[in-house]
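The values are calculated or read from the model by the stated rules, or taken from the named source; none is laboratory data. Just so it is clear, the model here is predicted, and its values are computed rather than measured. Counting neighbours? That spans all protein chains shown, and the Cβs are built from the backbone with ideal geometry, glycine included. For the accessible areas, the whole protein counts, side chains as well, though only heavy atoms, and no ligand, DNA or RNA atoms are used. Shrake-Rupley method; radii C 1.70, N 1.55, O 1.52, S 1.80 Å.
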Amino acid sequence: MTIKEIQEEILRLKKETDTCILAHAYQSREIVEIADYMGDSYGLSLKAAQTDAKNVMMCGVRFMAESVKMLAPEKRVYLPNPHAGCPMADQMDKALVEGLRAHYPGYTVVAYINTTAEVKSVCDVCVTSSSAVEIIRNIPNKDILFIPDCNLGDYIAKQLPDKNFKLVQGGCPTHIRANARTVAKTRAEYPGALLLVHPECLPEVVASADFVGSTTAIMDYAIQSDHTDFIIGTENSIVSHLQYQRPDKNFYPLTGDLICQNMKITTLPDVLRCLQGRGGEEIVMEESLRLLAKRPIDEMIRLSQPGK
Ligand code: 13P
Ligand code: SF4
């Protein structure tokens, strides 16, 4: 089958099975084209709660499918490729977080959404890259223990100097592949281009950026800006999505190494096989775990609303 034929069959089956397909922005172009919604982690979690469809397929990584299940328990939620995990989410388990809690009593434990349901179940508040600064500013407690990404944590801590942050060693193995040398080399290659980076990058990269934001924020900035040339410091799918959306502008990867193999493991045939009931995995979660893990996500949504 050609890519076009597979896409047409997916669109037909999607209607027939009442399935909403959500795609993280790091998915490939051919998957984004058949999705009902593409976005960053925060946008996806809102869409998951809003969709009327009976079934939801999450094209992304496991923690994203788990978040959908937590927010929409009445729906059947599928991960089209069961091997799509997030190495950052797998860096911490429940016992480690409980140990940290005991070590830092009185701290509010804030978890990046890139964590497992088990880890979320012992945290106080969740954040995504797009909402982190605003949400943590709204937490009354001054003492914040932030897990698991120390680079995102460092970025947030610099925006909120009145808070007292404890960070742990963890982070995204993809985003840390760019460093100050990469920035100098790529800026020299494309003088005049603006550098837009994700806060999962190393602090030395974030410090040299013209704009820092989530995947959706980077895309919106590049599309709306009067500038024409941009160096993109996040997973390289964003470079190709932007180039499709704005062929009149120029987008360059900060480095060719910014590719998340876990995001790329899901293929168009995986999506088709999952819709046909021949592949993928349905996310099943104990109700007691779901309720505990959902609490910090509910807190995230509450703290992101004006007036809280
Ligand atoms: P956002 O979707 O919040 O931009 O995060 C990027 C990421 O690394 C997701 O795994
Ligand atoms: Fe995890 Fe990083 Fe890949 Fe996102 S880009 S899924 S944080 S490894």
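Observations on the model:
- Shape annotation for region 1-125: C-alpha extents along the principal axes are 56, 26, 20 Å, from largest to smallest.
- When the GluC sites (Glu not before Pro) in region 1-77 are filtered for DSSP coil states and for at most 14 other beta-carbon atoms within 10 Å of their beta-carbon, the remaining sites are GLU74.
- Long-range amide H partners of VAL127 with built H, under 5 Å: ALA111, TYR112, ILE113
- Computed FRET value (nearest 0.05) for ARG137 with LYS94, which takes r as the C-beta separation and R₀ as 25 Å: 0.35
- For the chain, the solvent-accessible area with a 1.4 angstrom probe is 43 square angstrom per residue.
- Put simply, the convex hull of the Cα atoms in region 170-308 casts, on average, a shadow of 12.0 nm².
- Computing FRET efficiency as 1/(1 + (r/R0)^6) for LYS185 and GLU8, where r is the C-beta to C-beta distance and R0 is 51 Å, gives about 0.75.
- Accessible surface of the chain [probe 1.4 Å, protein heavy atoms]: carbon and sulfur percent: 51 percent
- Computed from point charges on the beta carbon alone (+1 for Lys and Arg, -1 for Asp and Glu), the dipole magnitude for region 217-308 about its Cα centre is near 200 Debye.
- Contour minus Cα-Cα distance for ARG302 and ASP257 (0.36 nm per residue): 12.5 nm
- The chain - share of DSSP beta bridges that are antiparallel (%, nearest 5): 5 percent
- Net charge over other residues, Cβ less than 15 angstrom from the Cβ of GLU235 (K, R count +1; D, E count -1): -1
- Gained length - TYR244 relative to MET285, 0.36 nm times residue gap less alpha-carbon distance: 11.0 nm
- Per-residue extension of 0.36 nm, minus the Cα-Cα distance of LYS15 and SER208, leaves a gain of 64.9 nm for this segment.
- Label-to-label distance, nm, for residues given as ALA49 and ASN164 (7 Å Cα→Cβ offset): 3.2 nm
- Inter-part distance where region 147-217 and region 250-308 are each reduced to a Cα centre, Å: 22 Å
- Region 44-141, dipole about Cα centre (Lys/Arg Cβ +1, Asp/Glu Cβ -1), debye to the nearest 20: 240 debye
- The equivalent ellipsoid that matches the C-alpha gyration tensor of the chain spans semi-axes of 29, 27, 16 angstrom, in descending order.
- Total formal charge among the other residues, if their Cβ is under 13 angstrom from that of ILE297, Lys/Arg +1 and Asp/Glu -1: +2
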